[in-house]
Every structure is written in C-alpha cells, then in structure tokens.
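Only one structure is covered here, and it is reproduced in the block below.
The values are calculated or read from the model by the stated rules, or taken from the named source; none is laboratory data. Here the structure is a predicted model, which means the values were calculated and not measured. Every residue, glycine as well, gets a Cβ built from its backbone with ideal geometry; the counts of neighbours run over all protein chains shown.
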Amino acid sequence: MKKLLVGIFVFTATVLVAQNGQSTKITVFKPTNGKPENVTKADSLASIEHNCIKWNYFLLGRGVFMMNYEFLIKGNLTGEIGLGLAYRDFIFEVMKGMDGNGNSYWANDGTPTIHLCGEGGLRYYFTELDNFEGAYVGLSLSYRPYSFPGSPNIGQYGTLIPGYNFFDTQFKIGYQYESRYSDFTYDTYIGFGYRNATLNYYEQSNTNYGVTYVPQTIHESFPQFLFGAKIGYSF
C-alpha cells in the first residue's frame, strides 16, 4: 500500500513537471455589455467635403467678376450657382457689336454701370464623388446684363438705355482636382453654348437735316465656344 501511494505521487509530479515545461498560454474571451457598432453610409460620407467656393478668373476678360458655390446633392450629382458683377464685355463688342464702319455701337455712350449677373446648373462626375475631384459634365444657364445709362443720346434721341444682355445655355466638360501642395481646388473646362443676346443702341442716320441717331433693339442667337478655369477651396 505504501509503495502504491509513493508511485501515484511520483507519477503525478512527473506529469505536472512535463506540463510546466511545455505550457501553452490560453486567452479567455470575456464578453462585455458593449454592443457592436454599426457603420452606416452616412458615417462613411462624413469625411467627404460637401461644399466648394470658387472664383472664375477667366471671366475677367469678359467684364465679369464671378464667384461660384458648388454643393453636393446626391451621389455623383452636384449643383453649382454663381453670382457676380458685370461691367463691360469688350470681346463681344468687337466680335458682334460693330456697325458698318467698324465702330462699336456703344463707342460714344460713355461709362457703363455695374450690374449683378448670375448662373446656375448641375454637374455629374463620372467616377464616385470624392471631395469634388474628377472628370465631369455640366449643364448651366447664365445671365449677364451690360448698360450705359449715362449715354448722351438718352433724352436727345430717345429714352432707350443702350447696352446688351446675354442669356446663355452652356454645356461643359471639365476636370476638377485638389492640389497636392495646397488646399486649393482647380477646375478647368471646355464646352459649347448657345447665346441669346439683346442689343440696344443708337444707330447713326443721315437725313436732310443732318446726322441723327435712331434707337435700335435687335435680338441675336448664335453658338459659342467655352473655355475657362476656376480656383477655389472645398470644405
């Protein structure tokens, strides 16, 4: 009996020593009261920039200072509106506002006034919208008025205020990206448009009593080529 007890003791000690020499760490998972967090689509969009303010500096050559605001609507679709000040479009006057003698219709009308102008439209980005970056197509409407209320012809030859205004439909293809060296956003586009222009001016007329000026209002519609660039900041 004594030998049996000694044998059991030795066997048990041997097994314990063997287990200690080849021990394996076991990690026991203890559940907590916390619940798994659900990641929603709204959470994934939280880091995406939803607004972009831009300046179309190319329009300075057309007598316009324009600021644009682009905002996310849904998915790849954004909206863009612009508000600015229109002064005088010398390019239009040279290309479309010349009389038979090669003189501008508004050459003698004095200093133009400043008018508010605006535009608005939609954009669709070809790839998934990521902070207003990528290639896009856009459709927009634009209105710009120009006038010369201080013209010496007013009152002398009529009450018509000389000037011109444009109502344009524009289709654009462009690419917008954020600079890797700064936080500025750059937008470059080309496209075509269709312009409806109203021209008000006093046309020179020779009569038996001398030279006089007759008020004229004409409407012209013609296609146009678009090219421009904007710089802005998205947030």
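Residues in region 191-207 include none that are more than 23 Å from Thr127 (Cα to Cα), more than 19 Å from the chain's Cα centre (by Cα) and assigned to a loop (DSSP other than H, G, I, E, B). Scanning region 177-194 for residues that are modelled with pLDDT of 95 or more and buried (at least 18 other Cβ atoms within 10 Å of the Cβ) yields Asp187, Tyr189, Gly191, Gly193.
Residues checked against (1) within 33 Å of the chain's Cα centre (by Cα); (2) at negative phi; (3) polar (S, T, N, Q):
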position: Leu83; (1), (2), (3): yes, yes, no
position: Arg88; (1), (2), (3): yes, yes, no
position: Gly97; (1), (2), (3): yes, yes, no
position: Asn131; (1), (2), (3): yes, no, yes
position: Ser151; (1), (2), (3): no, yes, yes
position: Gly155; (1), (2), (3): no, no, no
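Filtered by the rule that a residue be closer than 30 Å to Gly121 by Cα, of a type in the set (Phe, Trp, Tyr) and surrounded by 15 or more Cβ atoms within 10 Å (Cβ to Cβ), region 76-109 gives Tyr87, Phe92.
Are any of the residues in region 87-109 modelled with pLDDT of 65 or more, under 30 Å from Gln224 (Cβ atoms), charged (D, E, K, R) and assigned to a strand (DSSP E or B)? No, region 87-109 contains no residue that is modelled with pLDDT of 65 or more, under 30 Å from Gln224 (Cβ atoms), charged (D, E, K, R) and assigned to a strand (DSSP E or B). Return the only residue of Glu119, Glu128 being surrounded by 20 or more Cβ atoms within 10 Å (Cβ to Cβ) and more than 15 Å from Leu199 (Cβ to Cβ). Exactly one residue qualifies, and that residue is Glu119. Taken over region 74-92, the residue count meeting the criterion of being of a type outside the set (A, V, I, L, M, F, W, C) and over 18 Å from Phe58 (Cβ atoms) is 5.
Within region 112-149, work out how many residues are assigned to a loop (DSSP other than H, G, I, E, B) and at pLDDT 95 or above. Count: 5. Could you list, in sequence order, all residues of region 139-152 that are more than 21 Å from Glu220 (Cβ to Cβ) and crowded, with 20+ Cβ neighbours inside 10 Å? Scanning region 139-152 gives no hits. Kindly indicate whether any position in region 119-138 is farther than 20 Å from Gly61 by Cβ and without any contact (Cβ under 8 Å) to a residue 40 or more places away in the chain. Yes, there is a match, as at least one residue in region 119-138 is farther than 20 Å from Gly61 by Cβ and without any contact (Cβ under 8 Å) to a residue 40 or more places away in the chain.
Would you call Thr188 β-branched (Val, Ile, Thr), without any contact (Cβ under 8 Å) to a residue 40 or more places away in the chain and not in a loop (DSSP other than H, G, I, E, B)? When the stated conditions are applied, Thr188 does not pass them. In the set (1) surrounded by 13 or more Cβ atoms within 10 Å (Cβ to Cβ); (2) assigned to a strand (DSSP E or B), Leu160 fails one condition alone, (2).
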